[in-house]
Every structure is written in C-alpha cells, then in structure tokens.
Amino acid sequence: MFRNKLAAIVCLTGLTLSAAHATVRLPALVGSHMVLQRNQPLPLWGWAAPGEAVSVSFLGKTYRATAPDSAGRWQVTLPAMPAGGPYTITVKGQNTLELTDVLLGDVWLASGQSNMQFKVKDSNPNGYQPVQQADQEIAAATWPRIRFFTVSPAVAYQPQAEVSGSGWQVCSPATVAQFSAVSYFFARDLWQRYQVPVGVVVSSWGGTPAEAWTSAEGLRHFPEFEARVADFTHKNTDIRTDASLPGGPQMQPTALYNGMIAPLQPLALTGVIWYQGESNVERAEQYRTLFPALIADWRRHWGPELPFLFVQLANWQPTQPQPAESEWAELREAQALALRLPCTGMATTIDIGEAADIHPHNKQEVGRRLALAARHVVYDEANLVYSGPTFAGMTIAGPAVRLKFANTGAGLLARGGPTLQGFAVAGADHQFYWATARLAGKEVVVQSSQVAAPVAVRYDWADNPTGNLYNTAGLPAVPFRTDTWPGITSGKK
C-alpha cells in the first residue's frame with residue numbers, strides 16, 4: 001500500500017515538474033491543419049521561458065531561435081517554399097510540440113462586418129437566414145485542402161499579442177456551415193481554378209465601422225477621431241463592461257484592430273478580402289479617405305503591395321420612383337474611389353441585394369466576383385473580364401450625352417430587355433430626371449426631354465437602383481456619377 005502511494009506521489013511530482021518546464025507554446029493561429037503561405041518567407045512564432053533555446057524542424061531542416069527577454073516571444077523565419085503538403089512541423093524547447101497536416105498554399109485574411117461574418121448556415125435560430133441552397137452547398141463541401149480559422153470576437157484598448165479562435169478547421173460537410181459564406185465561396189472558386197490549398201483567417205464583427213478596424217497610427221490624420229483615440233488607448237478598466245463607450249466597445253476607433261487584427265501579425269498572407277461599409281453609410285464622404293487609410297494601415301504591417309479586394313455594397317431598401325440623393329450611393333462611390341490604390345480590386349454587387357434584407361443571401365455570386373478580382377489582381381490573368389463596365393468619360397452634343405466605358409469585354413448589353421434603365425441626367429440646376437438610354441456599340445447615349453442642356457449623368461445612383469447595363473461577361477456596370485456636387489453626407493464626421 002505504502003509503495004503504491006509512494007509511486008503515485010513520484011508520478012504526480014514528475015508530471016508537475018514536466019508541466020513546469022513545458023514552457024514553449026504557440027499562438028492559437030499556429031497549429032495543426034493550418035495553411036502556410038507559399039512562395040513567401042514564413043514567420044513562425046511563439047513564447048518560451050526567457051533565454052530558452054527553441055528549434056523548429058520542417059522538411060528536414062532545423063531553424064533556431066531564443067526567447068530574448070522577459071516577454072519570452074521568439075520567432076523564426078522559414079524560407080519561401082512552393083505549394084504542397086501535408087507536412088509536420090516540430091517545435092522544441094524544454095518541451096516538444098508537433099503540428100500535423102500542415103499545407104503550403106495561399107492564405108487570405110477575410111474581414112469586415114456582418115456580411116463577411118454571415119455563415120453558410122447559422123446554427124442559431126435567431127441568427128441570419130442561411131445562404132441560398134445552403135443544405136445542398138453543405139452536402140457538397142468536401143474540400144480537404146480548404147482550411148478556415150475563425151477569430152473569436154475581441155476588443156482591446158491596446159494592440160494585443162494573441163487571439164483566440166476556432167482552430168484550423170478542414171472544410172467538410174461537418175464544418176462548413178459555420179464558415180463565413182463569402183469567404184468559403186471565394187476560397188472554393190480559387191481552389192477549383194488553381195488546385196492550390198487555400199487557408200482563410202476570418203476576423204469579422206457585425207455592425208462595426210471601419211475606424212474600429214484601423215490602428216491608432218492609421219487614424220493619426222483624422223482630427224475627428226483624435227480625442228476618442230487618445231482617451232480610449234489610455235484606459236485601464238475592463239473594456240467589456242466600460243459603460244462610457246458609446247455604442248459598445250466594438251464601435252470605438254482602434255478597438256477591433258487591437259483585438260482582432262494586430263495579433264494576426266506577422267502571419268504571411270496572399271491578400272485581404274473585405275466586406276464592410278454599411279456602418280459608415282451616414283459618413284460616406286469621410287469613407288473616401290478613411291477606407292484608403294485602413295488599407296494603407298494594414299499594408300504598413302503586411303507589406304506595401306498587399307492585395308486588398310473588397311465588396312461594393314449591394315442594393316437595399318425600397319426602390320424610389322424618382323432620382324434622389326442617396327447615402328448608399330455615396331458610400332459605393334467612396335469604395336470605388338479606393339481602386340485608385342495599387343493592388344486593389346472590387347466586386348460590384350448592385351444587382352444581387354434584397355430590398356428587405358441588408359444581408360443578401362446569394363453569397364455564392366459575391367464570392368465568385370471576389371475570386372474574379374483575385375484572378376486578375378493577384379494571379380495575373382491580365383485578359384480576364386473581372387469587372388462590370390466602368391465609366392470612362394463623356395461627351396455632350398446638344399441634349400444628348402455619349403458615355404464611354406472600360407471593362408466592356410466583348411460588348412455591352414441591356415439585361416432583361418431591349419431598354420436600358422437606371423440613367424438620369426441634370427442640367428446646371430442640379431435637378432435630375434430619368435433619361436432614355438440606348439446602346440451605341442461599346443458606348444451608351446442618354447438624354448431627357450426635360451433637360452435641354454445636360455451637364456451631368458448618374459447611373460444606379462440610389463439605395464436600391466434598377467439599372468440593367470452589363471457587359472457580355474454577365475457583370476453589372478459599376479454605379480457612377482459624372483458630377484462632383486456635394487452630397488448629403490458632405491462634411492459629416
């Protein structure tokens with residue numbers, strides 16, 4: 001009896017000592033089933049006891065690091081390698097960690113608000129309605145080389161070092177329902193096209209503004225945020241119960257960047273897909289500079305050429321019988337203006353929204369159009385028609401205006417009938433009237449009997465417009481206006 005007790009004490013003591021020395025650990029983002037970025041140097045990192053020697057073994061080579069200070073964070077950088085796997089990575093310090101089923105492929109960061117968070121099929125009966133044909137999509141989702149990591153919601157006053165999340169999940173009918181729908185259909189299209197493993201890190205939060213996803217440094221040129229950022233970053237109370245934060249902590253400038261973007265660094269990425277803007281609609285003019293500032297901010301951390309692809313907001317709310325001003329149109333314009341930045345692409349969704357639901361259920365087409373942008377911007381398919389027609393110039397001859405377009409593909413067409421819809425013209429009085437419009441080759445001619453001397457044209461300039469101009473690739477024309485008259489969000493901060 002005594003011997004058994006003594007053996008148990010020795011065993012427990014051994015386990016306690018072993019646990020005390022098991023100091024090497026990895027962030028949640030680095031684990032089994034993960035996808036690492038191909039063709040780029042690969043940083044891997046973690047924590048250990050100060051001064052502890054750490055080795056990382058991968059594909060027959062060993063890379064060494066030392067935890068340099070009291071924080072104990074170490075990092076190694078593996079050389080660029082082609083797509084492949086599955087592989088095993090072994091991390092050793094005083095303890096040993098083994099990562100299995102690791103792939104090399106393309107890693108995308110997917111972020112934004114609820115339309116990015118929207119799942120293939122939410123298990124919560126009070127949540128969003130599922131995407132169209134959700135059950136069929138789930139049953140067919142056997143794609144073992146597509147992997148997802150979903151970041152748990154988190155807010156912070158200062159940039160954090162770690163995130164929590166779902167762990168890397170292999171795409172299957174058992175897992176896909178909880179994946180971001182836009183991200184899943186985007187990843188599926190890329191896998192089917194290139195047969196390269198795809199990893200997606202989803203970091204999104206419904207109903208949140210762009211400034212919450214931007215760092216304090218990224219907001220330094222916005223005086224309207226200065227006081228809030230200064231106050232926020234110096235707080236030391238529990239952010240989750242801080243009643244002084246209007247709208248909740250997730251609405252505060254920098255809060256989501258600190259909690260859900262900063263901890264993802266320095267994970268190597270192919271690029272970013274972004275679906276956000278609804279929460280900034282009332283400040284659409286501000287978004288013209290805020291959104292590019294967010295892109296530049298993330299590029300400061302991941303590289304100046306980080307591809308950034310985004311979704312232009314879909315049509316929503318009741319259709320108006322007459323031309324009118326629109327916050328949603330102004331926000332879409334602000335998004336399109338971001339295409340002036342290099343390595344950007346936009347998926348226009350002006351034709352797949354739903355009047356009664358801010359969350360369109362046709363996420364398959366959103367993902368497909370984002371994938372088209374990726375194929376052109378990232379994968380160098382130079383001749384691919386990846387966008388709908390975009391306004392390229394106009395000439396005025398009497399009462400008629402001739403509009404030129406880029407991205408016409410093999411030509412323009414009026415979807416659903418011979419008559420073009422969605423065009424309005426105005427004279428110097430700024431009063432817009434519906435115009436008749438006709439195709440003239442790869443151009444469009446518009447005019448109105450109510451405007452003898454037109455000076456401006458708008459197309460699909462409404463919350464929920466009815467335009468039907470497409471190119472022969474089946475992609476809708478990007479909403480536009482030719483005027484620069486102040487909009488209804490002008491000056492709103």
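Things worth noting here:
- Note on the chain: helix-only mean residue ellipticity at 222 nm, from DSSP H runs of 4+ residues weighted -39500 (n - 2.57) and normalised by residue number, equals -6500 deg cm²/dmol.
- Whole-Hz ³J(HN,Hα) from phi, Karplus 6.51 cos²θ - 1.76 cosθ + 1.60, for the range 231-246, glycine and proline x: 5, 5, 6, 9, 6, 9, 7, 6, 4, 5, 10, 6, 6, 7, 9, x
- Evaluated at q = 0.16, 0.22 Å⁻¹, a Debye calculation over the C-alpha positions of the range 381-442 (equal weights, vacuum) places log10 I(q)/I(0) at -0.63, -1.06.
- Partner aspartates and glutamates whose Cα lies under 14 Å from the Cα of Lys493, excluding those fewer than 8 positions away in the same chain, are identified as Glu211, Glu224, Glu226, Glu282, Glu285, Glu327.
- Principal axis extents of the Cα atoms in the range 409-493, from largest to smallest and rounded to whole angstrom, are 40, 34, 19.
- Intensity falloff of the range 339-404 expressed as log10 I(q)/I(0), Debye formula with alpha-carbon point scatterers, at q = 0.12, 0.20, 0.25 Å⁻¹: -0.47, -0.88, -1.06
- For the range 61-167, the Rg and Dmax computed from alpha carbons only, in angstrom: 18.7, 53
- Viscosity 0.890 mPa s, 25 °C: Kirkwood-radius Stokes-Einstein D of the range 245-322 over Cα pairs, µm²/s: 167
- Note on the range 284-376: Kirkwood hydrodynamic radius from all Cα pairs is 14.4 Å, rounded to one decimal.
- The chain, relative contact order [Cα under 8 Å, separation at least 6], %: 13
- The apolar share of the surface of the range 165-320, taken as the fraction of accessible area on carbon and sulfur atoms (1.4 Å probe, ligands and nucleic acids excluded), comes to 52 percent.
- Where Rh is the Kirkwood radius over Cα pairs, Rg/Rh for the range 152-227: 1.07
- Percent of alpha-carbon pairs separated by more than 22 Å within the range 106-198: 29
- Global size of the range 319-461 as Cα Rg and Dmax, reported in angstrom: 16.4, 47
- Every pair of different Cα atoms in the range 201-266 enters the Kirkwood calculation, which places the hydrodynamic radius at 12.3 Å.
- Accessible surface, per residue, of the chain when the full set of protein chains is kept, probe 1.4 Å, Å²: 42
- All-pairs Cα distance distribution in the range 132-267, expressed in whole percent, bin size 5 Å: 2, 10, 18, 17, 15, 11, 11, 8, 6, 2, 0
- Mean projection area, nm², convex hull over Cα of the chain: 28.5
The values are calculated or read from the model by the stated rules, or taken from the named source; none is laboratory data. These numbers come from a predicted model, not from an experiment. Heavy atoms of the whole protein, side chains included, go into the accessibility calculation; ligands, DNA and RNA do not. Shrake-Rupley method; radii C 1.70, N 1.55, O 1.52, S 1.80 Å.
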